[in-house]
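The values are calculated or read from the model by the stated rules, or taken from the named source; none is laboratory data. These figures come from a predicted structure and were not determined experimentally. A quick note on method: Cβ atoms are made from the backbone with ideal geometry, for glycine too, and the neighbour counts reach across all protein chains shown.
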């Protein structure tokens, strides 16, 4: 097997945990049977939020917290033959139910099987200790695109996404972004939407809302100043986008912030 963990051998009793957009390859020595479970990131973050609901105020906080806790992009988990034998019937049943395609009707059974598998696997996942202070808990709802597919991503889409993440405040135009990845605006829109479920400009708006939420939570910047900091010159546009993505006005969102002193001793450590 080859991924971020380098070259490693694998055998019965091993599980491989691979993060989003992480390359992975494997070359079997003989015939092998693998079961792959693709987990939608929204689903995983929702479960993560409830798992850590005592320290996370709402779902928008879950992604950044999860990135800190699960900092390794890929891991080989040595479960052992006994544990692997325990989860194999559950995996086989998940495969059978998936082939049937009756997801709404068998949703609870699939969920139960998934939880049973993760109950065995989770203790073997290496996580990073994270300190979370009370003021780091107040955010609103996740605003990630809902329509995503499990498929290799075009390099141009990833480069465009990186450019947006690196400078959300830049006054990006579709033409400028397309030029940076050497595609036409129409091509970039299609490639980007297929990869991330949103057009580049809609994705940029999402990033700006997330950063604006952080500024409202962690600083005393006025709403207009926070909007300018993330790239909106108009307060009305910033407010409109914020409400569209969170369901709350910036002022209302800020009012929900817990009033407490941000001292290290008040933090919560998750290990």
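Anything in region 90-108 that is within 17 Å of residue 43 (Cα to Cα) and either touching a helix residue (DSSP H, G or I) at 6+ places or on another chain (Cβ under 7 Å) or not in a helix (DSSP H, G or I) (or both)? List them, or say none. Walk me through how you get there before you give the answer.
From region 90-108, those within 17 Å of residue 43 (Cα to Cα) are 94, 98, 103-104, 106-108; that's our starting set.
94, 103, 104, 106, listed by residue number.
Can you find even one residue in region 60-69 that is surrounded by fewer than 16 Cβ atoms within 10 Å (Cβ to Cβ), in a strand (DSSP E or B) and under 23 Å from the mean Cα position of the chain (by Cα)? Taking every residue of region 60-69 in turn, none turns out to be surrounded by fewer than 16 Cβ atoms within 10 Å (Cβ to Cβ), in a strand (DSSP E or B) and under 23 Å from the mean Cα position of the chain (by Cα). Considering 160, 178, the condition of being in contact with a helix residue (DSSP H, G or I) (Cβ under 6 Å, 6 or more places away or on another chain), surrounded by 13 or more Cβ atoms within 10 Å (Cβ to Cβ) and without any contact (Cβ under 8 Å) to a residue 24 or more places away in the chain is satisfied by 178 alone. Among the residues of region 6-35, the ones that are surrounded by 10 or more Cβ atoms within 10 Å (Cβ to Cβ) and either touching a residue at least 12 places away in the same chain (Cβ under 8 Å) or touching a helix residue (DSSP H, G or I) at 6+ places or on another chain (Cβ under 6 Å) (or both) come to 17 in all. Consider residue 111 carefully, then state whether it is part of a loop (DSSP other than H, G, I, E, B), modelled with pLDDT of 90 or more and out of contact with any strand residue (DSSP E or B) (no Cβ under 8 Å at 6 or more places or on another chain). When the stated conditions are applied, residue 111 does not pass them. Checking each residue in region 226-236 for being part of a helix (DSSP H, G or I) and either touching a strand residue (DSSP E or B) at 6+ places or on another chain (Cβ under 9 Å) or exposed (fewer than 14 other Cβ atoms within 10 Å of the Cβ) (or both) picks out only 236. Residues in region 157-175 that are more than 10 Å from residue 208 (Cα to Cα) and part of a helix (DSSP H, G or I): 157, 158, 159, 160, 161, 162, 163, 166, 174, 175. The residues on offer are 183, 216, 204, 188, and the sole one that is more than 25 Å from residue 243 (Cβ to Cβ) and surrounded by 21 or more Cβ atoms within 10 Å (Cβ to Cβ) is 188. Residue 172 fulfils the conditions (1) modelled with pLDDT of 95 or more; (2) loosely packed, with under 15 Cβ neighbours inside 10 Å; (3) closer than 15 Å to residue 206 by Cβ except for a single criterion, (2).
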